[in-house]
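First up is the structure itself, then whatever we jot down about it.
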Amino acid sequence: AIIVCLLGIFLVNRVIIRPINALSEAASKYTTSNFRFSSLKIKRGDEIGVLADSMVRMERDLDEYIANLTKTQNELVSAREHAERMDLAANIDALTKVRNKRAYDIDVIRLGIGSSEYGLIVIDLNGLKAINDSYGHEKGDVAIKMLCQIVCHVFKHSPVYRIGGDEFTVILENDDYR
């Protein structure tokens, strides 16, 4: 009877207790290390085997879910960076590379809300039509760029805006305003 009991205990330990302990240990290691449920070699047709297979499937599903989350996060970061580049491009004049009318309108609203003093300088290039008619639009573009360079040089610390074909505005704030 003692031998049968010992054999029964040995079989119960080998068939039930060890696989359950292995699953329990694997679950503990899974959260703290790079342990993989798929490395468990529990291939049985009973409840313990079903549990082991379920844990392997759960691991595979979690890996896929994390991979999808990472991919989505990367896509969101890329989309945000693209949106920021597009927003910046939407506020920059293509010819002169200074701020454009859209940026000017946004900043005027900001200034209207704030309580700081500011000044506006409006600059117009006289004779642009004559330059365009006599020498072509390419030379007119050169004249606009040259005027822009001069304005940017004179007002180094203030935002310069091209608000029309040959019209520029400078917003003076703080020390530049004083």
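When Lys and Arg each count +1 and Asp and Glu each count -1, what net charge do the other residues less than 12 Å away from residue 89, Cβ to Cβ, add up to? Please report the intermediate quantities before stating the final value.
Working: positive: 85, 97, 99, 102; negative: 84, 87, 93.
So the environment of residue 89 carries a net charge of +1.
Mean residue ellipticity at 222 nm from the helices of the chain, using -39,500 (n - 2.57) per DSSP H segment of n ≥ 4 over the full residue count, to the nearest 500 deg cm²/dmol? Could you put the intermediate results ahead of the total?
Numbers: 7 runs with 113 residues, N = 178.
Computed mean residue ellipticity for the chain: -21000 deg cm²/dmol.
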What are the residues whose amide H is under 5 Å from the amide H of residue 99, where those residues sit 5 or more places off or on another chain and H is modelled from the backbone?
93, 160, 162
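Net charge near residue 57, counting Lys/Arg +1 and Asp/Glu -1 over other residues with Cβ under 15 Å of its Cβ? Mind dumping the intermediate values first?
On the way: positive: 36, 43, 60; negative: 53, 59, 61, 63, 64.
Around residue 57, the charge tally is -2.
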Shape parameters for the range 84-171, alpha-carbon atoms, Rg then Dmax in Å:
14.0, 47
Which order do 92, 150 take by accessible area at a 1.4 Å probe, largest first?
150, 92
Cα→Cβ-extended label distance, 7 Å offset, between residue 38 and residue 133, nm
7.7
Within the chain, how many Lys pairs sit with Cα atoms under 24 Å apart, leaving out pairs fewer than 8 places apart on the same chain?
13
Please calculate the 1.4 Å probe accessible area of residue 50, with all protein chains present, and give it to the nearest 10 Å².
80
Based solely on C-alpha atoms, express the radius of gyration and the Dmax of the chain in angstrom.
36.3, 119
If R0 is 41 Å, what FRET efficiency do you get for residue 88 and residue 66 from their C-beta distance, rounded to 0.05?
0.80
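Hey, what's the Cα Rg ratio for the range 1-87 versus the globular rule of thumb, 2.2 N^0.38 Å?
Working: Rg = 21.9 Å, N = 87, 2.2 N^0.38 = 12.0 Å.
Working it through for the range 1-87, the quotient is 1.83.
Sorted by accessible area (1.4 Å probe), largest first, how do 129, 101, 41 line up?
Working: 129 140, 101 90, 41 165 Å².
If we order 129, 101, 41 from most to least accessible, we get 41, 129, 101.
Of all DSSP beta bridges in the chain, what percent run antiparallel (nearest 5)? Display every interim value, and only then the final one.
Numbers: 11 of 13 bridges.
Of those bridges, close to 85 percent are antiparallel.
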I'd like to know how the range 123-171 sits against the 2.2 N^0.38 Å rule of thumb: what's its Cα Rg over that expected value?
1.16
Area accessible to solvent at residue 33, 1.4 Å probe radius, in Å²:
60
Not counting ligands, DNA or RNA, and with a 1.4 Å probe, what is residue 61's accessible surface area in Å² rounded to the nearest 10?
90
Looking at the range 70-178, which GluC sites (Glu not before Pro) are in a loop (DSSP not H, G, I, E or B) and have at most 11 other Cβ atoms within 10 Å?
117
So if I take the centroid of the Cα atoms in the range 130-178 and the same for the range 3-69, what is the distance between those two points in Å?
73
How many nm separate the modelled label positions at residue 80 and residue 141, each set 7 Å beyond the Cα in the direction of the Cβ?
3.6
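The values are calculated or read from the model by the stated rules, or taken from the named source; none is laboratory data. A quick note: this is a predicted structure, and the numbers were derived from the prediction, not measured. Quick reminder, even Gly has a Cβ in these numbers, built from the backbone with ideal geometry, and neighbours come from all protein chains shown. Note: areas computed on protein heavy atoms with side chains; ligands, DNA, RNA excluded. Shrake-Rupley method; radii C 1.70, N 1.55, O 1.52, S 1.80 Å.
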